[in-house]
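Below: the structure, in C-alpha cells.
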Amino acid sequence: MAIVVQKYGGTSVGDVDRMKRVADRIVRTHRDGNQVVVVVSAMGKTTDELVDMASRISERPPERELDILLTSGERISMSLLAMALQDRGVAAKSFTGSQAGIITDAVHGKARILDITPGRVQEALDGGNVVIVAGFQGVSQDTKDITTLGRGGSDTTAVALAAALDADVCEIYTDVDGVFTADPRIVPSARKLEHVSYEEMLELAAQGAKVLMVRSVEFGRNHGVRIHVRSSFSYTTGTLVGPQEDNVEDAIISGVAHDTSEAKVTIQAVPDRPGVAARLFSALAEATINIDMIVQNVSADGRTDISFTLPRGETDKARGVLEPLADEVGAGGVLVDPDIAKVSLVGAGMKTHPGVAAKMFGALSAAGVNIEMISTSTIRVSVVVSKDDVETAVQAVHGVFGLGDDAPMEVS
Ligand code: ADP
Ligand code: ASP
Ligand code: MG
C-alpha cells in the first residue's frame, strides 16, 4: 500500500464547505487503496487573526503563550476534518503536532524539527485510519513546551512527516495550480512550471515565493521526498519538485521571487578594524535573529557603513542588540528602513550563461527602479528595491527574460 501525505493550506480549508470538499478528495485517495496522512493548516486567515488578537492584548506577547495560541488554529481544522471524514464512513483520527511525535528545538515562533517519532501516526494508519495531523507545530525536546515552526510551517510538517514515514509522495494542496515563474497574483502571464529542482525551489522559497516554506524544501532535498504542489480546487497536475532531471537541459531562468517581509538595517560609520563585524553579527546570532543580505561599503577615513536585511518583525529586537553595541565599538548609529522589498531571479542555467545580472539590472533601470543592494549565488541574483517599486520590478524582470506565456525566452 502506498503512503500518501497530503497538506491542505488555509484557503483550501477556508470555510466549512471547502473543508467538506477537501474531505471528499481525501476519501477518494483513501478508497483508491492508499494509506493517507493529511496535514492541515488553520482555516483561512485564522492565524493572522490570532496574531492580531494577541497584539491587542499585549504589546509584546510572551513567545511561549503566543505559540500555544497559534497552534489552536490548526487544532480546529484537524478535528473538523476528522469529523467530516467519519461522517463519510471513513475512520479518521486527528493528532496535534506533539501527539504525532514532531520534536523540535525550543525556539518559539520559528522552531526547527529535530526528530519525528511517528509511532502513533503509524499505529493509526495500520489500524485503517486516515490520519490528520495539525500543521506548523511541535513540542520542544528540552522544555516540553508547545512550539510553532514559523509562518507557512505546515508545509514543513507535511514534508518532514513524508520523510519519516517514507511516503511515496507529499502533495501540497494550495490555492494556485503549482509553482509559477513568478507570483501569479503579481504577474498574470506567469507560467506554471512542470518540474523544478530542489536547488531552484530552495532559492525561490528562500527569496519569498511563499508557495512552499523553505524548510520544507530542505527536508525534501535531504530525504529525497517527491513533492507535488497542486491546486485543491482542481484535479490538474501541478509542479513536481524533485532532483535535477538527467538529460534535461537546465532552464536558464526558472522564475522571479519577491519578498516584502524584510527591513534594512544600516550601522553607520563602523570603525574598520578586524573583529568589529564579528562582534556585531555574533550578538545578532545570539539573539537568534536571522540575517539575510549583508553589504559593507568601501571604507573612508577608517570607517564604513554596514547594511543588512532581516525579517521586519525582528527590527526592534535587532535595534535593542545593536544600539548599545554601536556605542561600545564607536560606530555612528543604527538606521532602520522598513519599506524595502527584495526581488530575485533564480535559474540553474545562469551558472553557464554570462550577462544575466546585466540584463536584469538593465530591465530595472528601464523601468525606473533604483537598486539599493545586490547579492548573488551561483543560481540567483537578488536586489533590494523600494517597497513601492516591487510590482514594477517583478514585472520588468519577468518580462525581459520572456518567462511568461506570451513571449519566447532569450538571454543575451
Ligand atoms: P497555503 O495557504 O495553501 O499554504 P500560501 O498562501 O502559503 O498558500 O502560498 C500560496 C501562494 O503563494 C499563492 O496564492 C501565490 O500568491 C503565492 N506565490 C508566490 N510566489 C509564487 C510562485 N512562484 N508560484 C506560485 N505561487 C506563488
Ligand atoms: N497557519 C500557519 C500560517 O498561517 C501555518 C501554515 O498555514 O502553514 O502561517
Ligand atoms: Mg503556505
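All of the numbers you see were taken from the coordinates with simple rules; none came from a lab. For clarity, every value in this text was computed on a predicted model and none was experimentally measured. Cβ sites come from the backbone with ideal geometry, for glycine too, and all protein chains shown count toward neighbours.
Under the Kirkwood approximation applied to all pairs of distinct alpha-carbon atoms, what is the hydrodynamic radius of region 5-148 in Å?
15.5
For region 269-320, report the translational diffusion coefficient in µm²/s to the nearest whole number, using Stokes-Einstein at 4 °C, 1.567 mPa s, and a Kirkwood Rh over Cα pairs.
D = 110 µm²/s.
Normalise the Cα radius of gyration of region 279-412 by 2.2 N^0.38 Å (N = residues in it) and let me know the number.
1.25
Grab the DSSP H runs of the chain that are 4 residues or longer, score each as -39,500 (n - 2.57), total them, divide by all residues and round the 222 nm result to the nearest 500 deg cm²/dmol.
Numbers: 11 runs with 139 residues, N = 412.
Calculated mean residue ellipticity at 222 nm is -10500 deg cm²/dmol.
What is the order of Ser216, Ser307, Ser261, fewest Cβ neighbours within 10 Å to most? All intermediate terms of the calculation are to be shown ahead of the outcome.
On the way: Ser216 29, Ser307 19, Ser261 15.
Taking fewest neighbouring Cβ atoms as first place, the list is Ser261, Ser307, Ser216.
Nearest-5 percent of antiparallel DSSP beta bridges in the chain? Could the numbers behind the result be given before it?
Values: 44 of 73 bridges.
In the chain, DSSP labels about 60 percent of beta bridges as antiparallel.
Report the per residue volume, in Å³, of the convex hull enclosing the C-alpha atoms of region 38-105.
Output value, Cα hull per residue: 89 Å³.
Let me know the longest stretch in the chain that avoids all GluC sites (Glu not before Pro) found in a DSSP loop with at most 13 other C-beta atoms within 10 Å.
After excluding every exposed loop site, the longest remaining stretch is 250-409.
What is the Cα centroid distance between region 310-343 and region 81-149, reported in whole angstrom?
Their Cα centres are 37 Å away from one another.
Could you give each residue of region 58-68 its phi-based ³J(HN,Hα) in whole Hz, using Karplus coefficients 6.51, -1.76, 1.60 with θ = phi - 60°, and x for Gly or Pro?
Karplus-based 3J(HN,Hα) across region 58-68 equals 8, 5, 10, x, x, 4, 5, 6, 4, 5, 4 Hz.
Eigenvalues of the Cα gyration tensor times 5, then square-rooted: what semi-axes does that give for region 122-231, in whole angstrom, largest first?
Equivalent-ellipsoid dimensions as semi-axes: 26, 17, 13 Å.
Semi-axes, largest first, in whole Å: what does sqrt of 5 times each Cα gyration tensor eigenvalue give for region 187-323?
Result for region 187-323: semi-axes of 38, 16, 15 Å.
Which whole-number percent gives the relative contact order of the chain, counting Cα pairs below 8 Å spaced six or more residues apart?
So the answer I get is 13 percent.
Please list, in order along region 131-139, the HN-Hα scalar couplings obtained from phi with the Karplus expression 6.51 cos²θ - 1.76 cosθ + 1.60 (θ = phi - 60°), rounded to whole Hz, x for Gly and Pro.
3J(HN,Hα) across region 131-139, in whole Hz: 9, 10, 10, 5, x, 6, 8, x, 9.
Kindly put Phe281, Phe136 in sequence by how many other C-beta atoms sit within 10 Å of each C-beta, fewest to most. Don't jump to the answer; show the numbers that get you there.
Numbers: Phe281 15, Phe136 30.
Arranged by neighbour count, lowest to highest, Phe281, Phe136 become Phe281, Phe136.
What is the sum of charges, Lys and Arg at +1 and Asp and Glu at -1, for the other residues whose Cβ falls under 11 Å from the Cβ of Lys264?
Here the count lands on -2.
Excluding the sites themselves, what is the longest stretch of the chain that contains no trypsin sites (Lys or Arg not before Pro) in a DSSP loop with at most 12 other C-beta atoms within 10 Å?
Looking at the chain, 186-412 is the longest stretch - no exposed trypsin sites (Lys or Arg not before Pro) with at most 12 other Cβ atoms within 10 Å.
Throw me the Rg/Rh for region 1-76, computed over C-alpha atoms with Kirkwood Rh, two decimals.
Details: Rg = 15.8 Å, Rh = 13.9 Å.
Result for region 1-76 is an Rg/Rh of 1.13.
Can you pull the semi-axes for region 180-230, root of five times each eigenvalue of the Cα gyration tensor, sorted largest first, whole Å?
Over the Cα atoms of region 180-230, the ellipsoid semi-axes are 20, 11, 8 Å.
Take the Cα atoms of region 161-200, find their three principal axes, and give me the spread along each one in whole Å, biggest first.
38, 22, 13
Output the Kirkwood hydrodynamic radius of the chain, Cα pairs only, in Å rounded to one decimal.
This gives a value of 22.6 Å.
Given a cut-off of 22 Å, name the pairs among Lys7/Lys45; Lys7/Lys342; Lys20/Lys110; Lys210/Lys359; Lys20/Lys210 whose C-alpha atoms lie farther apart than that in the structure shown.
Working: Lys7/Lys45 17 Å; Lys7/Lys342 28 Å; Lys20/Lys110 31 Å; Lys210/Lys359 25 Å; Lys20/Lys210 25 Å.
Pairs exceeding 22 Å: Lys7/Lys342; Lys20/Lys110; Lys210/Lys359; Lys20/Lys210.
Could you please tell me the mean projected area of the C-alpha convex hull for region 73-193, averaged over all directions and given in square nanometres to one decimal?
Computed as one quarter of the Cα hull surface, the answer is 8.9 nm².
Does region 1-44 come out rounded, prolate or oblate, given a ≥ b ≥ c as the square roots of the eigenvalues of its C-alpha gyration tensor, rounded meaning a/c under 1.5 and, failing that, prolate meaning a/b above b/c?
Cα axes put region 1-44 in the oblate bin.
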